[in-house]
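Here is the structure we will look at.
FYI, it's all coordinate maths here, none of it is from the lab. Every value quoted in this text rests on a predicted model; they were computed, and no experiment measured them. Cβ placement follows ideal geometry from the backbone for every residue including glycine, while neighbour counts extend to all protein chains displayed.
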Amino acid sequence: MSNIGSYEGRLKNFDWSIAEKELGYNKGEAINIGWYCSDRICEMGKAGKTALIWEGLGGVARQYTFDDIRVNSNKFGAFLRSLGLKNEDRVCLFMDKIPELYIGFLGVLKIGAIAQPLFSAFGDESLHVRLDNAETTAIITQRKHVSKVRRIIEKSPYLKHVIIVDHDGKKPLKDREMTFNMEEYEEPKDFEFFPTKAETPSVLHYTSGTTGQPKGVKHVHYSLISQYLTTKWVLDLLEDDIYWCTADPGWVTGTSYGIIGPWSMGITQCVMDVGFSAENWYKFIEKHKVTMWYSAPTAIRSLMKAGDEVVKKHNLSSLRHLASVGEPLNAEAVIWSEKVFGKPFLDTYWQTETGSIMLTNFPGMKIKPGSMGKAFPGITAAVVDTKTFKPIQEVGKIGLIAFKPGWPAMMRTYWNNETTYKSKFTNGWYLPGDRAYIDLDGYFWFVGRDDDVINTGGHLVSPFEVESALLEHEAVAESAVVAKPDEVNMEVVKAFVMLNAGYEADDMLELKIMNFIRKKLSPLAMPQEIEYVKTLPKTRSGKIMRRLLHAKEWGEEIGDTSTLEDDE
Ligand code: WT7
């Protein structure tokens, strides 16, 4: 029997107070995610239970109990307070998937500060625009990433503290830098968490749109209510589970379901901070007897590519339940996983903005491979017409995914950008910007995004950000960035580039430009292909018609281009 029991049964009389009751939260009282994920679990008698099993490069491993998590996050909190940091200050976490990232995240929340996790592969430009936008006061990082901070520190006056968690005490520290060693720091006596309320901001995750700089999605402590219940009913975690979420906490899956969901339930989770290979992943599952595995379509397709033989070399019989998120999970991947693991990956759909799972396949429900399933109880979901914004009644007709606002984990705004936030709502619906249709049985099927944002391996990349960065390369006069099809990543970044006079359109330059973007933005944003062009298609008003280039890449009919122009 699964945690959710009967989906239809749960839909009847659903109320989020179910989660409030289970968490012992009463409206109006303090609610702090940091406390819920550590202290409360200890108070429930699970202080000695393993919370984190961690493995890094070269076979290094560390383990932490819930009491260790409680104590060490208090240390983080006390240290940050000693620097004068307080509630609502933004504190960036810029680390690989090391224990300090997971525990530091809770420490930041415990003092009521806003945690701003950023993917550690970001280059200095990606890092700078996000810190600048949030006016972040402190950044917690590692020695290996501090050089990126040093390159931007001069233009970051708001950034007062650069905290290095793994300093060896040898190399000299520069201006504003300091060390913090979680294991050695003295345990604070009588540490008290800041009494954050339901609507106190908790986490700021940056996400990329089509135009403009990335947007800071503001979440609040009350998001716990959705994150807890979706973890329980969709990820179906049970007391003795060993849970593995493969996502990096630099992205929302890695916080909502890689920290908050499992730990608020007191579940043991494992983390592997080693690059991807099918062999490594299967070994990890076998060694730690992983029972629940939450991953992403690109990883699953990579595993498919690695073949069935490598699966057979490992004992993966511990696996009880699998789920996926981030991009379309194709039917083949679902069918393949059922064949080799004995269980299908269940597709879940949500966003940074929604904070928790919205559409999903539930344990025990009939799975239609390729479909995103149905709405989580408490979520009113529809597919609305692109012109009237009214729910489409016709079965199978494509429109925009729409949700009635009001679930606990919904973003509260975009940081300093209320206008864009408001633009996401029409006719009483929140529109995530995706196209889909609903079948005869009420299942949702993903069709595509409604904008130019590129989803490469489950990571959103803004064509605007890449185009802006390209312009900073001396050889580039103009560019247009679109998605190009890819077997594993579904989409990868492709750039059409017009060169300045005097530059040779050759392979050497292509590599140089690619590397330039990789270092400035990130490996994800790096174009996998650069096509040199003499001109770029433009509208009468001079805007580049990305959609024309996109259609060509995907072999789609372009049709009448004058309508494309009208749309601009
Ligand atoms: C966008 C959100 C929160 C998960 C990590 C991504 C796409 C997400 C699915 C799915 C097809 C999906 C959508 C969405 N997406 N899940 N199951 N099937 N597409 O969070 O970076 O905010 O991206 O990812 O386009 O809007 P994100």
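What whole-number volume per residue, in cubic angstrom, does the convex hull of the C-alpha atoms of the stretch 454-554 give?
Per residue, the Cα convex hull of the stretch 454-554 comes to 97 Å³.
Which ordering of 180, 345 is given by a fewest-first count of other beta-carbon atoms within 10 Å?
180, 345
Sticking with the crude label model, points 7 Å out along Cα→Cβ, report the distance from residue 287 to residue 366 in nm, one decimal please.
With each label point 7 Å from Cα toward Cβ, the separation is 4.3 nm.
Cβ under 14 Å from residue 312's Cβ, residue 312 left aside: what net charge do those residues give with Lys, Arg +1 and Asp, Glu -1?
Net charge in that neighbourhood comes out at -1.
R0 = 25 Å: FRET efficiency of residue 417 with residue 155, Cβ-based, nearest 0.05?
With R0 = 25 Å, the Cβ-Cβ based efficiency is 0.75.
Give the calculated FRET efficiency between residue 312 and residue 474 to the nearest 0.05, with a Förster radius of 60 Å applied to their Cβ-Cβ distance. Each step should come with its number before you reach the end.
Values: r = 52 Å, r/R0 = 0.87.
So the FRET efficiency works out to roughly 0.70.
Once you list every other residue whose beta carbon is under 11 Å from the beta carbon of residue 457, what net charge do they have if Lys and Arg are +1 and Asp and Glu are -1?
Every neighbour counted, the sum reads -2.
Relative to a virtual label point 7 Å from the Cα of residue 441 in the Cα→beta-carbon direction, which members of the stretch 372-404 show backbone nitrogen distances below 20 Å?
So the set is 372-377, 381-383, 394-398.
Residue 386 to residue 534: extension gain in nm, 0.36 nm per residue of separation minus the Cα-Cα distance?
Computed gain between residue 386 and residue 534 is 49.7 nm.
Run a plain Debye calculation on the chain (Cα atoms as equal point scatterers, no solvent) and give log10 I(q)/I(0) at q = 0.12 Å⁻¹, rounded to two decimals, same order as the q list.
-1.27
I need the peptides 40-53, 397-410 ranked by packing, meaning the mean over residues of other C-beta atoms within 10 angstrom, with the highest value on top.
My ranking of the peptides, most packed first, is 397-410, 40-53.
Net charge around residue 469, counting only other residues with Cβ within less than 9 Å of its Cβ (Lys, Arg = +1; Asp, Glu = -1)?
So the environment of residue 469 carries a net charge of -3.
Once every DSSP H run of n ≥ 4 in the chain is given -39500 (n - 2.57) and the sum is divided by its residues, what mean residue ellipticity at 222 nm do you get, rounded to the nearest 500 deg cm²/dmol?
-7500 deg cm²/dmol
Dividing the Cα radius of gyration by the Kirkwood radius, what Rg/Rh value follows for the stretch 1-43?
1.08
Please give the contour-minus-distance gain from residue 398 to residue 2: 0.36 nm per residue of separation, less the Cα-Cα distance, rounded to one decimal in nm.
Between residue 398 and residue 2, full extension yields an extra 139.3 nm.
To the nearest whole percent, what portion of all C-alpha pairs in the stretch 218-334 is separated by more than 17 angstrom?
Of all Cα-Cα pairs in the stretch 218-334, 56 percent lie more than 17 Å apart.
Starting from the Cα of residue 87, move 7 Å in the Cα-to-Cβ direction to define the label point; list residues of the stretch 100-114 whose amide nitrogen is under 20 Å from there.
105-114
Among the lysines, select those whose C-alpha is under 26 Å from the C-alpha of residue 170, and discard any that sit fewer than 8 residues away in the same chain.
75, 97, 144, 148, 160
For the stretch 159-267, just run the numbers: alpha carbon Rg, then divide by 2.2 N^0.38 Å, N being how many residues it has.
Against the empirical 2.2 N^0.38 Å value, I get 1.37 for the stretch 159-267.
Which FRET efficiency value, to the nearest 0.05, is calculated for residue 12 and residue 49 with the Förster distance at 41 angstrom and r the Cβ-Cβ distance? Before the final figure, lay out the partial values.
Working: r = 34 Å, r/R0 = 0.83.
With a Förster radius of 41 Å, E is 0.75.
Between residue 426 and residue 61, what length in nm is gained on full extension when 0.36 nm per residue of separation is reduced by their alpha carbon distance?
126.5 nm
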